[in-house]
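Below is one structure, written out as structure tokens; the observations come after it.
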Amino acid sequence: MTLKSYLVLLATDVGRLGDFLANPSAAAENAGVSKEERAILFSGDQGLIYANLTRLDPK
Amino acid sequence: MIKMNDEHLIVVGTGIRTVGQLSMESLAWIKTADKVLYVASDPIAEEVIMALNPEGAESMAHFYGENKQRTETYRQMVEHVMANLRAGRRVCFAVYGHPGVLVSPTHEAIRRARAEGFKARMLPAISTEDCLFADLGVDPVSGCQSLEATDFLSNLRYIDPHGHVLLWQIGGLGDPTFKRYSFDVRGMPQLVRKLMRYYPPHHLVHLYEAAIFPGVEPAIHSGPLHYLAQIRPMSNSTLYIPPVSAPFPDPAAWWGPSGVAGVRE
């Protein structure tokens, strides 16, 4: 699952969001988000996440 | 028997951080509308809308144009909403944040729809203001003024420096056109001079930008008011100015044995 698909899932499924709140890294890994995209998600860098989701060059 | 959920136009907001801030009611309206006309600021909100209603989702972002007057863009959006209503479609007009805060076409669409006999409703959502209250620990109960920065600069507005003050869209100060990335903020020195009528130059102020993704901290840049003239805020920054002090007591108020008894006329 791509990071974008996973974030859409979290926005629309309260059960999956609950899993994410309880254990973010395990929930993302169990959902099949790649190691690279998990690193981006957990970077805390809004620009990097945005760029990944839109395929822009981070500035 | 009352009629429920028979609106022709429903206006919703996707919140600032779509993950966790998009209400169940808004999700349901997005899913069930014939047409979802939306303006999204982040790729997740857009993707959610398209996933929930792949047949009816239509972005209105194409109405924006570099250096185009925002008022013209908003007029076109409202016309598009009205055209879909007149075609007999149940329309969900979705925007980011709160649909009634700093968004004029949503209010105008509701006004126009009702004027033409359509039933229309706006749902509340989470705005930047709500995020700011939470992130900066601000309780507006002690007084809070909320002003659009360009409006404050260009009109005879008055500030109560003993309450909280929020200046919106400071990153687009003085520019009525749309810019994709950053605005030409020429009015900042004038804005700072106007604020110094109320605040000392070293009064600590905060530029605030809410987080739009989970796990991201809000961007908060703090510094003395006078320094603001030398920086260029992000386009979606909000200026928060804390009170200079507690308010002065009203000498006309008088207290009885069980609390405030009244105000002398």
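Just so you know, all these numbers are worked out from the coordinates, no wet-lab data involved. Keep in mind the model is a prediction, meaning the values are calculated, not measured. Glycine also receives a Cβ, built like all others from the backbone with ideal geometry; neighbour counts cover every protein chain displayed.
Would you please classify the overall shape of region B:1-139 from the alpha carbon gyration tensor, given that a ≥ b ≥ c denote the square roots of the eigenvalues, rounded means a/c under 1.5, and beyond that prolate means a/b larger than b/c while oblate covers the rest? Mind showing how you got there, number by number?
Numbers: a/c = 1.45, a/b = 1.22, b/c = 1.18.
Verdict is rounded for region B:1-139.
Please list, in order along region B:29-42, the HN-Hα scalar couplings obtained from phi with the Karplus expression 6.51 cos²θ - 1.76 cosθ + 1.60 (θ = phi - 60°), rounded to whole Hz, x for Gly and Pro.
After applying 6.51 cos²θ - 1.76 cosθ + 1.60, I find 5, 4, 5, 9, 5, 5, 9, 10, 9, 10, 10, 10, 9, 9 Hz.
Within a 10 angstrom radius of each residue's Cβ in A:12-24, how many Cβ atoms of other chains show up on average? Whole number is fine.
Details: counts 10, 0, 2, 0, 0, 3, 0, 0, 4, 2, 0, 0, 2.
That works out to 2 on average.
In vacuum, with every alpha carbon of chain B counted as one equal point scatterer, what does the Debye formula give for log10 I(q)/I(0) at q = 0.07 Å⁻¹? Two decimals, please.
Relative scattering, expressed as log10 I(q)/I(0), comes to -0.31.
Using modelled amide H (1.01 Å from N, peptide plane; none on Pro or chain starts), what sits under 5 Å from the amide H of B:VAL11, excluding residues fewer than 5 places away?
Result for B:VAL11 returns B:PHE93, B:ARG121, B:MET122, B:LEU123.
Determine, for B:TRP254, B:TRP29, the number of other Cβ atoms within 10 Å of each Cβ, and report the residues in order from fewest to most.
On the way: B:TRP254 11, B:TRP29 25.
Going from least to most buried by this count: B:TRP254, B:TRP29.
Are there GluC sites (Glu not before Pro) in region B:8-79 that DSSP puts in a loop and that have at most 10 other Cβ atoms within 10 Å, and which ones?
Values: sites: B:GLU25, B:GLU46, B:GLU47, B:GLU55, B:GLU58, B:GLU66, B:GLU72, B:GLU79; in loops: B:GLU55, B:GLU66.
Qualifying residues, ordered by number: B:GLU55, B:GLU66.
Just tell me how shielded A:2-10 is by partners: mean number of partner chain Cβ atoms within 10 Å of each residue's Cβ, no decimals. It would help to have the intermediate numbers written out before the result.
On the way: counts 1, 2, 4, 2, 2, 10, 12, 3, 6.
Shielding by partners across A:2-10 averages 5.
I'd like the Karplus ³J(HN,Hα) series for region B:116-132: coefficients 6.51, -1.76, 1.60, θ = phi - 60°, whole numbers in Hz, and an x wherever there's a Gly or Pro.
3J(HN,Hα) across region B:116-132, in whole Hz: 9, x, 8, 7, 9, 8, 10, 9, x, 8, 8, 9, 4, 4, 4, 5, 5.
Mind ordering B:116-125, B:163-172 by average Cβ neighbours within 10 Å, highest first? Walk me through the intermediate numbers first.
Numbers: B:116-125: 16.7, B:163-172: 22.3.
Order by mean packing, descending: B:163-172, B:116-125.
Rg and Dmax of region B:128-241, using alpha carbons, in Å: what are they?
For region B:128-241, the Cα radius of gyration and maximum Cα-Cα distance read 13.5, 41 Å.
Arranged by the count of other C-beta atoms within 10 angstrom, fewest first, what order do A:THR54, B:THR14 take?
Numbers: A:THR54 11, B:THR14 31.
The fewest-first ordering by Cβ neighbours comes to A:THR54, B:THR14.
Given only helices, namely DSSP H runs of n ≥ 4 each adding -39500 (n - 2.57), what is the per-residue ellipticity at 222 nm of chain B, to the nearest 500 deg cm²/dmol?
Numbers: 8 runs with 75 residues, N = 265.
That calculation yields -8000 deg cm²/dmol at 222 nm.
Cα-Cα over 26 Å: which of B:LYS68/B:LYS119; B:LYS31/B:LYS119; B:LYS31/B:LYS68; A:LYS4/B:LYS119; B:LYS68/B:LYS194? Don't skip to the end; give the middle numbers.
Values: B:LYS68/B:LYS119 32 Å; B:LYS31/B:LYS119 19 Å; B:LYS31/B:LYS68 32 Å; A:LYS4/B:LYS119 35 Å; B:LYS68/B:LYS194 28 Å.
Cα-Cα > 26 Å for B:LYS68/B:LYS119; B:LYS31/B:LYS68; A:LYS4/B:LYS119; B:LYS68/B:LYS194; rest within.
How high is the FRET efficiency between B:ALA51 and B:MET234 when r is their beta carbon distance and R₀ equals 30 Å, given to the nearest 0.05?
0.55
Suppose each label sits 7 Å from its Cα in the direction of the beta carbon; what would the B:ASP160-B:SER222 distance come out to in nanometres?
In this crude spin-label approximation the distance works out to 2.4 nm.
With N set to the number of residues, divide the alpha-carbon radius of gyration of the protein assembly as shown by 2.2 N^0.38 Å and report two decimals. Intermediate results must be reported in sequence, preceding the final value.
Values: Rg = 22.2 Å, N = 324, 2.2 N^0.38 = 19.8 Å.
Computed over Cα atoms of the protein assembly as shown, the ratio equals 1.12.
For the residue pair B:MET1 and B:ARG114, what label-to-label distance in nm results when each label sits 7 Å from Cα along the Cα-to-beta-carbon direction?
Between B:MET1 and B:ARG114, the label points sit 2.7 nm apart.
Taking Cα pairs under 8 Å and at least six residues apart, what relative contact order does chain B come out at, in percent?
Numbers: 472 pairs, mean separation 51.1, N = 265.
RCO, chain B: 19 percent.
Order these by the 10 Å Cβ neighbour count, fewest first: B:ASP160, B:ASP42. Before the final figure, lay out the partial values.
Details: B:ASP160 14, B:ASP42 23.
Fewest to most other Cβ atoms nearby, the residues stand as B:ASP160, B:ASP42.
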